[in-house]
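The next block holds one structure in the form of structure tokens; read it before the comments.
The values are calculated or read from the model by the stated rules, or taken from the named source; none is laboratory data. These numbers were taken from a predicted model, which means no experiment stands behind them. Please note: Cβ atoms are built from the backbone with ideal geometry, for glycine as well, and neighbour counts cover all protein chains shown.
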Amino acid sequence: MKEILTQVLSWRDQGLKVALAKVVAVEGSSPREVGATMAVNERAEVAGSVSGGCVEGAVVQEALGAMGASEATMKSVGILPPGDDSLIGCARTVTFGYSDDEAFAVGLTCGGTLHILVQPELPSFIDLLAEKLSKDEPLVVATVFATEDLSQDTTSEYFAEMNQGVMLPSTGASMMVDSKGEVFGSLGNADLDRVVKRDAQAALEHGRSTRRHFGRSGQSRAQEVGVVFEVYAPPPRMLIFGAVDFTAALARVSKVLGYQVTVCDARPIFATKERFPMADQVEVDWPDRYIEKVGAELGPSDAICVLTHDPKFDVPAITEALKTKVGYIGAMGSRRTHSERLNRLIETGIDPKDLDRVMGPIGLDIGATSPEETAISIMAEVIACSAKKNLASLKDSQGPIHVR
């Protein structure tokens with residue numbers, strides 16, 4: 001999105017109209033997730049993608065029509081001008097569903113359904129959004145992608161009474177919520193803004209884009225207003241403790257998956273940038289002391305992997321890790337090593353129930369043996385835990401880890 005905004009602001013500064021198209025909902029299989037964005041200017045120039053190529057042409061047509069692009073421009077790219085001038089300037093959500101005919105008409109052959117919001121007007125906070133993203137500041141953009149008037153619903157007098165005199169927000173209305181809870185823009189109703197702000201902060205904490213429905217006044221049990229929450233957060237953090245032979249492989253795989261990687265070891269002879277050039281940071285410190293320093297910054301999207309399998313390092317490290325909100329804690333070692341480690345942790349006063357958070361032996365049970373295979377096993381478990389998928393972890397299986 002950061003790169004797209006740079007182009008969007010350049011087009012705007014040239015006096016060009018610009019429309020934004022973003023994925024607001026996905027059903028079934030899709031090449032892109034919620035929040036994927038594409039920008040189109042009135043000359044039919046494009047930046048970004050909403051489908052990896054599947055429906056781009058159809059989305060460009062919708063964007064040009066919403067902006068009221070000239071007939072000459074639309075015909076020059078093989079698109080007929082829109083037939084309804086009343087829709088010019090109006091945001092709209094367009095659905096591209098899968099069927100035998102539709103699939104080949106727009107190229108959506110992956111079997112899914114895409115709901116794409118087209119906004120012919122840029123948000124009022126677009127400059128501030130670009131500035132904050134350039135500084136990697138965490139934030140959420142909440143946008144109305146659908147509305148349905150249920151004011152005549154006689155099944156709930158409570159909602160009917162609350163909705164008296166309250167207008168539905170406009171499709172495309174948006175607001176931005178930063179990590180400090182400051183709000184920029186509005187969905188058009190103070191009560192709705194308050195509830196959306198609360199849910200935006202929750203989405204930011206979990207680091208995942210999502211969507212929800214509300215009543216026009218923010219009622220959580222109503223379905224009048226669909227809102228997509230686009231989360232822009234710094235990359236998740238991977239903290240690897242122990243400068244061992246598996247560490248370099250895990251650091252490489254973590255980087256490929258978009259993590260900001262820190263390698264930490266108390267032994268300066270091993271914790272060097274030369275040994276781990278793929279890491280963003282290499283820290284010489286005791287693991288527990290380093291976690292204590294950065295623990296307040298860690299959240300559900302972050303991961304801690306303790307690879308030392310040495311009691312003097314890993315017991316204090318896991319103790320400190322359990323005090324954080326980190327989403328994944330993994331500990332390397334054999335079943336015997338891990339059993340002894342758990343007993344030591346309990347002896348220090350750790351509640352046995354809290355130890356359920358510790359994935360040990362670390363990784364999914366895929367038969368990994370080499371450092372590279374083990375790194376894939378570990379990251380697969382990190383992904384599964386984040387997605388709340390119950391897969392075969394070594395922690396939950398029996399017998400030897402390595403089958404000869």
For the range 167-221, give me each residue that is closer than 21 Å to Ile116 by Cβ, assigned to a loop (DSSP other than H, G, I, E, B) and of a type in the set (Gly, Ala, Ser). Ser170, Gly172, Ala173, Ser209
Going by the structure shown, is Asp199 among the acidic types (Asp, Glu), in contact with a Ser or Thr (Cβ under 8 Å, 6 or more places away or on another chain) and either surrounded by 18 or more Cβ atoms within 10 Å (Cβ to Cβ) or at pLDDT below 90 (or both)? no
Look through the range 367-385, keep the residues that are closer than 28 Å to Gly207 by Cα and touching a helix residue (DSSP H, G or I) at 6+ places or on another chain (Cβ under 7 Å), and return whichever of them is surrounded by the most Cβ atoms within 10 Å (Cβ to Cβ). Ile378
Looking only at residues in the range 338-354 that are crowded, with 17+ Cβ neighbours inside 10 Å and out of contact with any Asp or Glu (no Cβ under 7 Å at 6 or more places or on another chain), which one is farthest from Ile240 (Cα to Cα)? Ile350
For residues that are at pLDDT below 85 and assigned to a strand (DSSP E or B), scanning just the range 26-65, find the one that is nearest to Arg92 (Cα to Cα). Val26
Filter result for Gln164 (assigned to a helix (DSSP H, G or I) and either among the polar types (S, T, N, Q) or buried (at least 19 other Cβ atoms within 10 Å of the Cβ) (or both)): no
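Conditions (1) modelled with pLDDT under 95; (2) in contact with an Asp or Glu (Cβ under 7 Å, 6 or more places away or on another chain); (3) assigned by TED's automatic domain parsing to the domain that holds Leu250, marked per residue:
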residue: Ala271; (1), (2), (3): no, yes, yes
residue: Arg275; (1), (2), (3): no, no, yes
residue: Val282; (1), (2), (3): no, no, yes
residue: Trp286; (1), (2), (3): no, no, yes
residue: Lys293; (1), (2), (3): no, no, yes
residue: Ser301; (1), (2), (3): yes, no, yes
residue: Ile304; (1), (2), (3): no, no, yes
residue: Thr308; (1), (2), (3): yes, yes, yes
